[in-house]
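Below is one structure, written out as structure tokens; comments come after it.
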Number of protein chains: 2
Amino acid sequence: MSRRAPLRVVGQPVPRVDAVEKVTGRARYVTDLVLPGMAHAKILRSPYAHARVRRVDTARAGARPGVIAALSGADLTWCDPYFGPAFRDRPVLAIDVARYEGEPVAAVAAVDELTAAEALDLIDVDYEPLPAVSTLEEALAPGAPLVHTGEPLAGHFADLATLRPQPGTNVCHRFQWARGEAAAALAGADLVLEDTFRFPPVQHYAMEPHAALAAWDETGALTVWAGTQNPYSVRVELAKMFGVPLGRIRIVVPHLGGGFGSKTYAKLEPLTAALARATGRPVRLAASAAEAFQTVRRCSARVSVRVGLRRDGTLVGVTCDADYDVGAYADIGPRVVQKGTYTATGPYRVPHVALDARAVYTNTTPGGAFRGFGVPQLAWALESLLDVAADRLGRDPVDLRRQNLLAHGEEFAPGDTPIDGKLEESLGHAAQAIGWTQTGAADRGRGVAAMLKASVAPSVSEAIVRLHADGSVAVLASAVEMGQGTRTVLAQIAAEVLAVPVARVTAVPPDTAITPYDQTTSSSRSTTMTGRAVQMAAEDVREQLFRVAAEHLGVPARELALADGAVVAAAGRLAYPEVLAIRFGMSGGELIGRGVVAPGRTAAPLGGSTPFWEMAAGAAEVSVDEETGAVRVERYVSVADVGRAVNPLLLEGQDEGGVVQGLGHTLLEEMVYEEGHLLNGTLLAYRVPRADDVPRALECRFVENADGSGPFGAKGAGEGSLIPVSPAVANALARLTGVRLRDLPLTPERVWRALRARGSR
Amino acid sequence: MSRRAPLRVVGQPVPRVDAVEKVTGRARYVTDLVLPGMAHAKILRSPYAHARVRRVDTARAGARPGVIAALSGADLTWCDPYFGPAFRDRPVLAIDVARYEGEPVAAVAAVDELTAAEALDLIDVDYEPLPAVSTLEEALAPGAPLVHTGEPLAGHFADLATLRPQPGTNVCHRFQWARGEAAAALAGADLVLEDTFRFPPVQHYAMEPHAALAAWDETGALTVWAGTQNPYSVRVELAKMFGVPLGRIRIVVPHLGGGFGSKTYAKLEPLTAALARATGRPVRLAASAAEAFQTVRRCSARVSVRVGLRRDGTLVGVTCDADYDVGAYADIGPRVVQKGTYTATGPYRVPHVALDARAVYTNTTPGGAFRGFGVPQLAWALESLLDVAADRLGRDPVDLRRQNLLAHGEEFAPGDTPIDGKLEESLGHAAQAIGWTQTGAADRGRGVAAMLKASVAPSVSEAIVRLHADGSVAVLASAVEMGQGTRTVLAQIAAEVLAVPVARVTAVPPDTAITPYDQTTSSSRSTTMTGRAVQMAAEDVREQLFRVAAEHLGVPARELALADGAVVAAAGRLAYPEVLAIRFGMSGGELIGRGVVAPGRTAAPLGGSTPFWEMAAGAAEVSVDEETGAVRVERYVSVADVGRAVNPLLLEGQDEGGVVQGLGHTLLEEMVYEEGHLLNGTLLAYRVPRADDVPRALECRFVENADGSGPFGAKGAGEGSLIPVSPAVANALARLTGVRLRDLPLTPERVWRALRARGSR
């Protein structure tokens, strides 16, 4: 009967459990941690986009009082100095060659940060500048200088073994996939449209810069406190680099101040661990905000899409040729390309598809994971082109999309995960909320867009739930709290199953020595996968409660329920402390529940399966200053199909953030390179949305049909809201002005030039 | 088939897993920990054994620069200021009355230890001295001053609810128990002997003094890093004192430098937590070694035993009247008395028994748990008297004991736990090793003694074992590593079950937020109970390995075994990483095993049941300097029935320590009070055994019949070796000199006086 009870905690806008420690400034981040004898590190970075590193002389730096160690790449003979999830192509410190401006070339560990920083000036590096490629065009040109000349080693993760570089070119990985006969379908289509769209390189701009603190002990075991979204992946990389068993490496993640993908896989941890080993001391490496620009970014892209439709609006074929710029090192870029491109057709039924995507090395900051994982680049193209198609067919853009949406339960591709939501509801809500069918002001334009995104697969999460002697609960899981509220959500799930208030539940921070395996805190997966593991672990505890109480009360377990911290039967109730006292014969002991979620990989095509689909729609209303070209988003509605909003408050916050972050690359953001030199790699020069850039009316809504595979029908959210922003805004602008822009961001200059070009046409 | 394999790791003298961190000085103890903003505390203690505390003025101390808080008992209005496991009779700081010299009266938290110490001098306390009772005789005299006048509240532990103070007296608890008709049996016995023996108050003298570090966060959650043997019990006490749910209190135990019972239940933790609350800062309270003398000690005792035997040597009846001095506060003293006295008849078959014991308050340092838990006091009496009986009956003392020993499988008392060892083997080995039947040197005397001890019941331990993706193993359990080697033993047990080297297993330190419930690290229970939980958890993992491999290989699970980190079948082997990759469809995920040991309380009499019996025998060969009375133990053999020595190296170390600690109270140690003033409460004045006091020949041997209820047939050890020391030495002295001493320690003066008295007889 408990399984039928109405939800009590799940679905409530519970305040975040870490609110007080955060607003009082007591939440600890890596840079708040201090170990006895700890040294501080600083990095010397390449001033060249591409250069041979002929010699690094650290002798003067090493001799400076207060300096404990000064290392260059050549010094790292006692470990595998290369890391990287896709390919082991990235050296801890440049070896022989520096491949982008800002690449770490040497590092110093000293008694304090100032001494370390000053010692950097004493390092002499003899560079021989090499020709560089800063753009896709340069990198793909025949005879282009090669960013990498040797064959990189396979990365650290067996499930990424399908990734293949193309030696002798700058193509780091190529992904091709087709179903049906796309060429024939397009040839037979009534309307074929083709266009090329560009998406800029942008920064994650997490509030907390990258940081790590590493300490080896005398037994050869390593502990790293790291701001990382996936401690278990970092553990694998470090274990292989240093030749240490997994169990001897401990990754602890205190609070994390924003990730957005920038803190997936190893970043500063390898260098920090190497410095700690070299110095024989704990070493903390706290990067500056500007150094984030030299660490990882979103893969920029050039996407050419062809869509073929019948006269009645039915999509018959799509081809997509996408080139992603992954910068100087692969990071997880090839997977971004592979995974994103597989869903290039978005949430639409397309029988004939041909996809061809390349991850391309350039001499720029490495591109990796970033909220949306390759999909924003493609949705920007497809959703823009669909509006053009609607225009050409004389169709309403919402109707045209609706007509082609995949249905609930329909397989995304033959044999692949069926669609687990109702996108027509999201799109309908978004259109209705923006007043789609109503006549708006003449100086306003409206646009919509939709998206569909896969999550990582296979996808493994595990959890332990402990019921203490006084009926309070501890959740052990390794999902990282990075501001998104996962600790609160996991606590709610355990509180719901075990019928206790959220305040009685504690979720501890991830620590690979202690909290069980969780694959990654990314890919919108934590509520669904980790949450499900926590739910299962709590249910395991519930079954144990039922078993003890059933025997004690002499009633069948099926007649029992949990309510208000007690096992309840028709005959009476046993509070949890009583049940535990019966179980253990004393006022001690605890029930331990275990949950393991490992859905496995389905039979679907490579990388294409997903444990759930993330789906969202967006609708924008914009105005434009024709004098300056400044676009203003006046209203924005985001609707995400989340199955079940475990915590509407947190979800709303997350989606508002997603929309605003999407407005960044839509209107403002771009890392601008000139001959390999990043012009705006500082907080001052790089413009992100400010409070006054947020639309005056910003609504984030949710579709909840409890049809997700996560706990209580929930499924992933948090990335989806970002993805429709660019095309919805651009579609609104096009509907207002008749101007179709293909390159992001929609800067005033770009818009003004387009408006002028239109005027002159 | 795996279950039949010969043992590979268990039984081996594996070096301790924490050896390197300890010998390099890097093992962290509480006093090595530093938190940002941490304050340091010092305690002002009563100079009187008994005094009314009329007024404590902390104003001047509080005003001193650097002082953050100065507290007296009257300030503690915002918590329950009383604690104690048996009765809540002990205030955090004296309230109205100070009941022993050294009782905490006020405390200061300051920016550093020196400032805190200096501020103590600025506290004005107005004492009114009261008449004190320092001895059992004084405390039990009619009209004696009362140490406690009100009725103390029940303690924090429901399973101690049988303890009852006797209001209006200094009797803190009385335990009476009888079976058969002791009076009649003694009346009909051929030989009745009666005598009274005294056991001194002694110090645990752990190398690491008591220490705690407490920090509250803004959410009202409390973390305490504490040198405690039972973090879960401390958690209960603090939760009740501060009105906080268990799950909001986290007790972390880093390394602990020796406990011997002195670190069971709350000691400094309540005061440290109160100071942290008052200051709003983390507070560390690190006591000095001398302050241990003012914190807890062994309960001294006066034990009167009557034994009745038939002419043929058969024991027919025993009565025992024991008074234990538990000092000014009950601590766990009443339980020591109850539990110890229940086994006052030792390892012998005695049909008629009448026991009457009292725990008595005096104005001295509180008496609590100490290695042996009340049994050394009784064994001193009984084992001495049995030698007198042998002498009177013309029997060999070994033979007389052997004749009366309880047999393997025989119930200790009707309905109680059957004897699970062969004490005759231990006694035989001890006698043989000391050369009992051989003629020795004329100036040497030999003596033997035996003992039996119950462990705590009920007794609950839980564990989690995690098998990582690379086949390494983590053990999560809350047994405290306090030098006895429990981390090594638990690692060995997991390594044995999972067929990996010990170096592949990591056991993490106890942390109530993370590692599962364990009742206490005391009572010789960890290897048996926690070890069994770890074994079960590892077996749970093993079953999961079998399940996955059986399905994959298409063979029945019963045809599988584990060897060298792999599942082995006739057809081939799957290394653990392969099994996990099959299970999870990727190179991640882990198997989580769970073990719960909760044997429950048997139907036996109150407190008398035990999950296992600890049994040991000792044999001593001594010489005496007739000129000075100095007794020298020339040889000592200890034989313990351990079922299975999981790690003979550690076990030997532990038993050698037990023997030497036993030699302390046998020959040297006594806390000497004069009118309530402790004369020798410093490391300088209090004499413990030194290296040159260790017998030149000291052997610790083990009987291993794999008949224990712990893992691989192991059962508890570590206390047993201490208990026979005093009677074995005294019996040897008596056999050498004809002198029977009844009071410990056997100081030169006491022996010399006895020798002189003999000479003049």
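The values are calculated or read from the model by the stated rules, or taken from the named source; none is laboratory data. Values in this document were obtained by computation on a predicted structure and should not be read as measured data. Every residue, glycine among them, receives a Cβ derived from its backbone with ideal geometry; neighbour counts consider all protein chains shown. What goes into the accessible areas is simple: the full protein's heavy atoms, side chains included, and nothing from ligands, DNA or RNA. Shrake-Rupley method; radii C 1.70, N 1.55, O 1.52, S 1.80 Å.
Only residues that are of a type outside the set (S, T, N, Q) and open to solvent by less than 30 Å² (accessible area, probe 1.4 Å) were counted across region B:625-648, and they come to 13. Based on this model, can you work out whether B:ARG28 counts as surrounded by fewer than 18 Cβ atoms within 10 Å (Cβ to Cβ) and modelled with pLDDT of 95 or more? So B:ARG28 fails the test.
Looking only at region A:150-179, filter to residues that are part of a strand (DSSP E or B) and within 23 Å of the chain's Cα centre (by Cα); which one of those is surrounded by the fewest Cβ atoms within 10 Å (Cβ to Cβ)? Here the answer is A:ALA154.
Look at B:ALA27 and say whether it is assigned to a loop (DSSP other than H, G, I, E, B), in contact (Cβ under 8 Å) with a residue 60 or more places away in the chain, more than 16 Å from B:VAL502 (Cβ to Cβ) and within 14 Å of chain A (Cβ to nearest Cβ). It is true that B:ALA27 is assigned to a loop (DSSP other than H, G, I, E, B), in contact (Cβ under 8 Å) with a residue 60 or more places away in the chain, more than 16 Å from B:VAL502 (Cβ to Cβ) and within 14 Å of chain A (Cβ to nearest Cβ).
Conditions tested, residue by residue: (1) within 14 Å of chain B (Cβ to nearest Cβ); (2) farther than 29 Å from A:ASP121 by Cα; (3) more than 27 Å from the chain's Cα centre (by Cα).
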{"residue": "A:LEU7", "(1), (2), (3)": "no, yes, yes"}
{"residue": "A:PRO13", "(1), (2), (3)": "no, yes, no"}
{"residue": "A:ALA19", "(1), (2), (3)": "yes, yes, no"}
{"residue": "A:VAL23", "(1), (2), (3)": "yes, yes, no"}
{"residue": "A:HIS50", "(1), (2), (3)": "no, no, yes"}
{"residue": "A:VAL53", "(1), (2), (3)": "no, no, yes"}
{"residue": "A:ASP57", "(1), (2), (3)": "no, no, yes"}
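Can you confirm whether B:ALA74 is in a strand (DSSP E or B) and either of a type in the set (Phe, Trp, Tyr) or more than 25 Å from the chain's Cα centre (by Cα) (or both)? It is false that B:ALA74 is in a strand (DSSP E or B) and either of a type in the set (Phe, Trp, Tyr) or more than 25 Å from the chain's Cα centre (by Cα) (or both). Only a single criterion out of (1) over 24 Å from A:ALA69 (Cα atoms); (2) within 18 Å of the chain's Cα centre (by Cα) is not satisfied by A:PRO209, namely (1). If the condition is being of a type in the set (Ser, Thr, Tyr), within 24 Å of A:VAL398 (Cα to Cα) and either open to solvent by 10 Å² or more (accessible area, probe 1.4 Å) or more than 18 Å from the chain's Cα centre (by Cα) (or both), then region A:338-370 contributes A:THR345, A:TYR348. Taken as a whole, region A:89-96 holds at least one residue that is of a type in the set (A, V, I, L, M), within 27 Å of A:ALA239 (Cβ to Cβ) and open to solvent by 20 Å² or more (accessible area, probe 1.4 Å).
Scanning region A:582-593 for residues that are facing chain B (nearest Cβ under 7 Å) and aliphatic (A, V, I, L, M) turns up A:MET586, A:ILE592. Within 13 Å of another protein chain (Cβ to nearest Cβ), more than 30 Å from B:ARG504 (Cα to Cα) and basic (Lys, Arg): does that describe A:ARG504? Taking the combined requirement at face value, the residue satisfies it. Residue count for region B:30-48, restricted to those that are more than 12 Å from chain A (Cβ to nearest Cβ) and part of a loop (DSSP other than H, G, I, E, B): 3. The set of residues in region A:635-685 being among the hydroxyl-bearing types (Ser, Thr, Tyr) and more than 21 Å from the chain's Cα centre (by Cα) consists of A:TYR636, A:TYR673, A:THR682. From A:ALA537, A:ALA550, grab the single residue that is closer than 30 Å to A:GLN229 by Cα and either out of contact with any strand residue (DSSP E or B) (no Cβ under 8 Å at 6 or more places or on another chain) or assigned to a helix (DSSP H, G or I) (or both). Every option except A:ALA537 fails the conditions. With a requirement of 3 or more residues that are free of Cβ contacts under 8 Å to residues at least 40 places away in the same chain, the strands (runs of 3 or more DSSP E) lying completely within region A:567-684 that satisfy it span A:572-575.
Does region A:472-482 include one or more residues that are within 21 Å of the chain's Cα centre (by Cα), outside any loop (DSSP other than H, G, I, E, B) and away from chain B (no Cβ under 11 Å)? Within region A:472-482, not a single residue is within 21 Å of the chain's Cα centre (by Cα), outside any loop (DSSP other than H, G, I, E, B) and away from chain B (no Cβ under 11 Å). Within region B:507-534, the residues that satisfy the criterion of being facing chain A (nearest Cβ under 9 Å) and in contact with an Asp or Glu (Cβ under 6 Å, 6 or more places away or on another chain) are B:PRO516, B:TYR517.
Kindly evaluate B:GLY227 against the criterion of being surrounded by fewer than 24 Cβ atoms within 10 Å (Cβ to Cβ) and in contact (Cβ under 8 Å) with a residue 24 or more places away in the chain.
It is false that B:GLY227 is surrounded by fewer than 24 Cβ atoms within 10 Å (Cβ to Cβ) and in contact (Cβ under 8 Å) with a residue 24 or more places away in the chain.
When A:VAL497, A:VAL555, A:VAL541 are checked against the criterion of being within 14 Å of chain B (Cβ to nearest Cβ) and either touching a residue at least 12 places away in the same chain (Cβ under 8 Å) or touching a Ser or Thr at 6+ places or on another chain (Cβ under 9 Å) (or both), A:VAL541 stands alone in meeting it.
Candidates are the residues of region B:687-739 that are in a loop (DSSP other than H, G, I, E, B), of a type in the set (A, V, I, L, M, F, W, C) and under 21 Å from the mean Cα position of the chain (by Cα); the one that is surrounded by the fewest Cβ atoms within 10 Å (Cβ to Cβ) is B:VAL688. Which residues, taken from region B:299-330, are over 30 Å from B:GLU670 (Cα atoms) and out of contact with any Phe, Trp or Tyr (no Cβ under 7 Å at 6 or more places or on another chain)? Across region B:299-330, the qualifying residues are B:GLY308, B:LEU309, B:ARG310, B:ARG311, B:ASP312, B:GLY313, B:THR314, B:VAL316, B:GLY317. For region B:333-346, state whether one or more residues are in a loop (DSSP other than H, G, I, E, B), of a type in the set (D, E, K, R) and within 24 Å of B:LEU153 (Cβ to Cβ). Taking every residue of region B:333-346 in turn, none turns out to be in a loop (DSSP other than H, G, I, E, B), of a type in the set (D, E, K, R) and within 24 Å of B:LEU153 (Cβ to Cβ). Under the condition of being within 29 Å of A:PRO131 (Cα to Cα) and either crowded, with 22+ Cβ neighbours inside 10 Å or of a type in the set (Val, Ile, Thr) (or both), the residues counted in region A:36-69 number 11. Residues in region B:198-254 that are among the polar types (S, T, N, Q) and within 14 Å of another protein chain (Cβ to nearest Cβ): B:THR219, B:THR223, B:ASN230, B:SER233.
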